[in-house]
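Notes to accompany the following structure.
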Protein chains: 2
Amino acid sequence: MTGTLYGIGVGPGDPELITLKAARLIEGATTIAYPTLAGGDSFARAIAADLIRPGTTEIRMDVPMTTARAPAQAAYDAGAAQIAEVLARGEDVVCLCEGDPFFYGSFMYLNARLVDRFAVEVIPGVTSLTACATRARQPLAARNERLTVLPGPLPEAELRARIEGAESVVIMKVGRHLPKIRGVIDALGLTDQATYVERATLPQEVVLPLADAPQTAPYFSIILLTKGADPWL
Amino acid sequence: MTGTLYGIGVGPGDPELITLKAARLIEGATTIAYPTLAGGDSFARAIAADLIRPGTTEIRMDVPMTTARAPAQAAYDAGAAQIAEVLARGEDVVCLCEGDPFFYGSFMYLNARLVDRFAVEVIPGVTSLTACATRARQPLAARNERLTVLPGPLPEAELRARIEGAESVVIMKVGRHLPKIRGVIDALGLTDQATYVERATLPQEVVLPLADAPQTAPYFSIILLTKGADPWL
């Protein structure tokens, strides 16, 4: 009997936004795994920290910060191999992911590497998408409105084309792409309808009209353009 | 001092997918409120049932099942008036919403009616969007992929145009629109990439290739078209 790999969404940042199911699985884990950025701290682990029991084995995956794919692939290969060893001897592994594992989550790379050999269960989590909307007090979509989610690294021309034809838009992973995205939204005359949200639900949270956003943004920042959302019925 | 209105996402259906924060607020509530469809049971209340303490006052909003807006508006007006009475005497009200309050959630109609007069706090929840993806074992979006969310009631021509230009697509509120949506996906030659998910995370959950989906679908059903998602890095 091999173990089960759990891919667990720990939500957007506030430890209280972890689900009851994720909390139960983390508290009961003997081995946890999580990615870290460039050898630094793990945001996913920090969110779940109070639930991790002393003595839990921890598998760190140091994912290098680069747009080249090969170094990140090597990190997930190495992490998957370590996880496979634990699963093969019949023990479960609980993998922690920021937000939701299947919504721009790194867990999908482990899932792809391990799902053919082991039982995998994925536990959805609260995404930064809806967390940012609630913190900004802006409904994302109502009734028959469309919602478009765009990653900030997309090329300028594509961002422009996709925002132009959309109703509600959420731009994820803003980070160093903020000047480009701001330029696109300005050019479309939509700056008045845009909100910048940084580290939603954490004590350091920032919610500002896009016009007042800082010059540099962290990776975990989002822009909401809810031009279509009419919350009144 | 007036009370605070909490709009709480209780997640997609599995009571264990309620967040720790929502659970704490529901357990501590003296008054809860929730919508019911056409006088029937409340799905949101059913999800949270085990957390509601005996003696809790309950405000039901019977939202009629009709595409006309006026009857639903009257139901939210009446509900908001009842909630305002409790808030005005200094007590909090915890409003339960399926999924997330600001993601196609009914709470936004109460928020619009009450936010100018009372303190409102919105607690995000796990959406059916990511719950369905995890249950279907299909990552929604990775890296720089775009994600488009479309409500099933949209007209056929618009659905077709929006799906055609998209990468990952999720169609919400399928229900009685299933034959129309199936026709659009068939015509685009995408049926092989489409998955039907009904009542995700509940014991009655159904996950099927769209080709094998039933003829009639409940309101809480979704179609995933993850033609863009490449989970391998």
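Computed values, structure above
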read-out: Answer from B:V94, B:V126 - the residue that is in a strand (DSSP E or B) and buried (at least 24 other Cβ atoms within 10 Å of the Cβ); value: B:V94
read-out: Failed item, numbered, when A:R135 is tested on (1) more than 7 Å from chain B (Cβ to nearest Cβ); (2) more than 19 Å from the chain's Cα centre (by Cα); value: (2)
read-out: Where a residue in segment A:84-113 is more than 10 Å from chain B (Cβ to nearest Cβ) and closer than 12 Å to A:P35 by Cβ and its partner, wherever it lies, is of a type in the set (S, T, Y) and assigned to a strand (DSSP E or B), with Cβ under 9 Å and at least six apart; value: A:C95/A:Y6; A:C95/A:Y34; A:L96/A:Y34; A:C97/A:Y34
read-out: Tally of residues being under 16 Å from B:I171 (Cβ atoms) and not in a loop (DSSP other than H, G, I, E, B) across segment B:211-220; value: 1
read-out: Residue among A:L208, A:L202, A:L178, A:L154 that alone is outside the structural domain of A:M65 (by TED's automatic domain parsing) and assigned to a strand (DSSP E or B); value: A:L208
read-out: Test result for B:R117, in a loop (DSSP other than H, G, I, E, B), basic (K, R) and assigned by TED's automatic domain parsing to the domain that holds B:A217; value: no
read-out: Out of A:R89, A:R53, sole residue that is out of contact with any strand residue (DSSP E or B) (no Cβ under 9 Å at 6 or more places or on another chain), among the basic types (K, R) and either surrounded by 22 or more Cβ atoms within 10 Å (Cβ to Cβ) or more than 30 Å from B:V10 (Cα to Cα) (or both); value: A:R89
read-out: Failed criterion for A:T130 (all others in (1) modelled with pLDDT under 95; (2) among the hydroxyl-bearing types (S, T, Y); (3) within 20 Å of A:L210 (Cα to Cα) hold); value: (1)
read-out: Criterion violated by A:I59 - all others in (1) over 30 Å from B:V10 (Cα atoms); (2) within 14 Å of another protein chain (Cβ to nearest Cβ) satisfied; value: (2)
read-out: Residues located in segment B:11-42, provided they are away from chain A (no Cβ under 14 Å), surrounded by fewer than 23 Cβ atoms within 10 Å (Cβ to Cβ) and not in a loop (DSSP other than H, G, I, E, B); value: B:T31, B:T36, B:L37
read-out: Filtered residue count, segment A:178-204, keeping only those that are away from chain B (no Cβ under 13 Å) and surrounded by 14 or more Cβ atoms within 10 Å (Cβ to Cβ); value: 15
read-out: Check on A:T148, buried (at least 24 other Cβ atoms within 10 Å of the Cβ) and either of a type in the set (S, T, Y) or at the interface with chain B (Cβ under 8 Å from one of its Cβ atoms) (or both); value: no
read-out: Condition broken by B:L114, with the remaining ones in (1) surrounded by fewer than 23 Cβ atoms within 10 Å (Cβ to Cβ); (2) closer than 22 Å to A:E167 by Cβ satisfied; value: (2)
read-out: Selection count, segment A:12-42, where residues are at pLDDT 95 or above and more than 15 Å from A:V94 (Cα to Cα); value: 6
read-out: Residue that is farthest from the other protein chains (Cβ to nearest Cβ), among those in segment B:157-175 that are in a helix (DSSP H, G or I) and in contact with a helix residue (DSSP H, G or I) (Cβ under 8 Å, 6 or more places away or on another chain); value: B:R160
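The values are calculated or read from the model by the stated rules, or taken from the named source; none is laboratory data. A quick note: this is a predicted structure, and the numbers were derived from the prediction, not measured. All Cβ positions, glycine included, derive from the backbone under ideal geometry; neighbour counts span all protein chains shown.
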